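Okay, structure first, notes after.
Laboratory data are not the source of any read-out in this text; all were calculated from the coordinates shown. All figures in this text were calculated on a predicted structure; none of them were measured in a lab. Cβ atoms come from the backbone with ideal geometry, glycine included; neighbour counts cover every protein chain shown.
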Amino acid sequence: MRAISSRKLLSFLSAAMLAATCQAVDAGMVTLDFTNISNNSGQAASVASQLKLIVADQAVDLNDLFPADYIDDAANEIAAPIAGHLSFIFLNLGPIASSICDVYFDSGPLQSISSIFDSGAGVSFDDPATPGDLPGGNSITPQFDTSTGLSADSNSPVSANGVGLGEWLVIELELQPGETYATTLAALVLGGTDGGNADALRIGLHVQATIVRDAGRRIADRRR
């Protein structure tokens, strides 16, 4: 947890419509886009296009998702979650300088956060998040209500420890008894059509945009 920064902030919502925002689906992995619900920096739509969420119950190799400028790295290979859990993998593919600083989950089949891990130096998260609810979440209908214990944020310094260009964050969550990967996808779909339904799942991000960071230097750093 940490204090709120005064930098320009954006909020995003995933799975507004799973069928429309889904980029890839297979037996155990789906890739989702985000749409903005606030635009304090004026760049929300552009930043949204570079943020991705993978929901998986299998191992995932992230190397194919990053731009060609990033070299393959064994550290980008995510192991399968343990039984009864799912991996929620948040990616910032660039090129606009930005940092995912908060992640929020609204209802659905999720029970608790079991672990948080990331791409390494430059990303550091803990749970729960401060503020406790998605900024701007009360501007949508139905409003976004963060489920108790289902949030995380970057540690101080906030922007530097968020998910910046070429970085990723994995939040592994335990499912409620009887829930599965399939029922979680169904909950995401429901989140796009009936977000106020107790069975629906919506996922929100709080992003700091236009931070001072050179994309070319960031790519060079990733190569070292």
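Worth pointing out:
- Vicinal HN-Hα couplings computed from phi for segment 28-36 (Karplus, 6.51 cos²θ - 1.76 cosθ + 1.60; Hz; Gly/Pro x): x, 7, 9, 10, 10, 9, 10, 10, 7
- For segment 120-130, putting each phi into the Karplus relation 6.51 cos²θ - 1.76 cosθ + 1.60 with θ = phi - 60° gives couplings of x, 3, x, 10, 8, 10, 8, 10, x, 8, 10 Hz, in residue order, rounded to whole numbers and with x for Gly and Pro.
- Global geometry of segment 34-149, whether rounded, prolate or oblate, following the gyration tensor of its Cα atoms and the 1.5 cut on a/c: oblate
- In this structure, the amide hydrogen of LEU201, modeled 1.01 Å from its nitrogen in the peptide plane, lies closer than 5 angstrom to those of LEU188, LEU190, GLY191, counting only residues at least 5 positions away or on a different chain.
- Taking label positions 7 Å along the Cα-Cβ direction at both SER114 and ALA75, the computed distance is 2.5 nm, reported to one decimal.
- The amide H of SER112, built 1.01 Å from its N in the peptide plane, has GLU174 as neighbours under 5 Å, considering only residues 5 or more places off or on other chains.
- Close amide H pairs (under 5 Å, H built 1.01 Å from N) link PHE125 with ASN155, residues at least 5 positions away or on another chain.
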